[in-house]
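Reading through the structure tokens given below for one structure.
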Amino acid sequence: MQSSHDLDAMIRPCGWMPARRKKRILARHARAFGSGPEISIESGRVVPEEGQIWALTDHAGMPNRLIYILGGSGHRLSSFGISDEPAFASSADFILNHMSSPVGFALVIEPWNSLEIAPRLLDHWVGTLCREDIQAVRNMAAGRTSGHDPIRWPGDPRIEFQAAERRRYAPARRVSLFDVEKLIHEVTVQIPAAGNLDLETEEPSGRLRMAAKTVLSPSAVLRLYRQVLNTSALRVAVAVWADDSIGIATETNDSAFTAVFTSLDGTPLTVEPVSNGGSFRLWKIIPSPALRQEGFEVIFHVIEGLMTLVLRPGDFGGQEPTVQEFGRHLQRFSAGGAGLPQMLRLISDCRDGTLRYLFEEEVKRIVRLGRHHPSWRYVFTLIRASGSENLWKWARQLDEQ
């Protein structure tokens, strides 16, 4: 029987190595690099430059992960992800064989998996490629391909592998995006698939209280609501409308507060707030089918660090009875003008500040009357008596136009 040492001698020239051994080697590199120069970036003795392979720190949320430095300076470095799965390489990858690899087994540099990272996320230098390999990676970064088998058909397993690789590097993209030290909260919320909300329509009975209907579609009714984060720095809630749109509502007095929407692989999404009421903000979006299937993420930056909200497809959970009742009155108002007193009463009784803000925004959206409308004085009187400072201020502005 061959010894384990003999088996290792057989597999090493082939470039293959057991996964456990790969992990041990990477962990050893993460603890200390036994030879070479001083590797601490803070000491200023090592400057990251093109062609180098570095390991990431714990702050990146992915310790022991390697990256290839393409270039850059100052607060941002251009880099490529690295995997240790040559079997999933395509014509868009550069394979560094085990003879050239600084860790003793084959590595795959991924020019399609690019990321801009903060230098402080680099833990230590692992090795540097030779000039020929650096030039080869540079050529691939410019759009050239290697001789490996390209991806030709939609069911190729390498497509899913590449998507998973982008997701693995998302934490480094996220932390680098804001240049903060740590992630202090991460919350995952499931959102219903498109078209999964049942509408309960209610036709108004009796004489209509108002002379004109509003332009609100019943499908735009607020249907689901859940507060998902409640800290001293930030409160966050998720709302779902019956037209499949998703709302992210926040309440904070943090002057440094910002929010960025990204796909789960860290690609930024352009989403503008639909309303901004002082300490409250509301983003309302209808995700594309791809985003709804994969999920997306909202990154909140406050003074203490990062808070992230990950939205994935699934069961939203228990419904808020107050939201359902408000939705029924809102539909009555849309259909025939009835239901406003009940909505204002729910707003007055609501103790959740974020939900109360959403209710107030809904009333603003559906009451499309001017001061010259015959029903305006009735509406104006109801709002004045409701006790909502936000709605009262809005009604006064309309009344003065």
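Coordinate-derived values only; no laboratory data. This structure is a prediction, so every number in the text was calculated from the model and none was measured. Heads up, the Cβs are rebuilt from the backbone with ideal geometry, glycines too, and the neighbour counts pull from every protein chain shown.
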- Task: Please give the length that would be gained between Ile303 and Arg365 if that part of the chain were fully extended, namely 0.36 nm times their separation in residues minus their C-alpha to C-alpha distance (nm, one decimal).
- Result: 19.0 nm
- Under the Karplus relation with 6.51, -1.76 and 1.60 and θ = phi - 60°, whole-Hz ³J(HN,Hα) for the stretch 97-105, x at Gly and Pro, equal 5, 5, 6, 9, 6, x, 10, x, 9
- Expected unfolding gain across Tyr378-Asn276 under the 0.36 nm per residue rule, minus the alpha-carbon gap, is 34.0 nm
- Query: Going 7 Å from the Cα of Val47 toward and past its Cβ, which residues in the stretch 69-89 have a backbone nitrogen under 19 Å from where you end up?
  - Reply: 69-79
- Once amide H atoms are placed 1.01 Å from N in the peptide plane, what residues at a sequence separation of 5 or more from Val274, or on another chain, have their amide H within under 5 Å of its amide H? Leu282, Trp283, Lys284
- Which cross-chain or sequence-distant (5 or more) residues have an amide H under 5 Å from the amide H of Glu186, H modelled 1.01 Å from N in plane? Thr308
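Suppose we look only past 16 Å in the calculated P(r) of the stretch 317-372. What percent of the Cα-Cα pairs does that tail hold?
The share of Cα pairs beyond 16 Å in the stretch 317-372 comes to 40 percent.
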- Task: Hey, can you grab everything whose amide H is under 5 Å from the amide H of His98? Only 5+ residues off in sequence or another chain; H modelled, so Pro and N-termini drop out.
- Result: Ala106
- Output ³J(HN,Hα) for the stretch 89-96: one whole-Hz value per residue in order, computed from phi by the Karplus curve 6.51 cos²θ - 1.76 cosθ + 1.60 with θ = phi - 60°, and x for Gly and Pro. 6, 10, 5, 8, 10, 10, 9, 9
- For the stretch 255-270, take each phi angle, set θ = phi - 60°, evaluate the Karplus expression 6.51 cos²θ - 1.76 cosθ + 1.60, and give the result in whole Hz per residue in order, putting x for glycine and proline. 5, 8, 5, 9, 9, 10, 9, 9, 6, 5, 8, x, 6, x, 10, 8
- Item | Projected-area mean, the stretch 277-391, by convex hull of Cα positions, square nanometres | 9.7 nm²
- Query: What's the exposure ranking of Arg120, Arg166, going from fewest to most Cβ atoms within 10 Å?
  - Reply: Arg120, Arg166
- Query: How far, in nm, would the chain grow between Arg152 and Phe257 when pulled straight, counting 0.36 nm per residue and subtracting the alpha carbon separation?
  - Reply: 33.4 nm
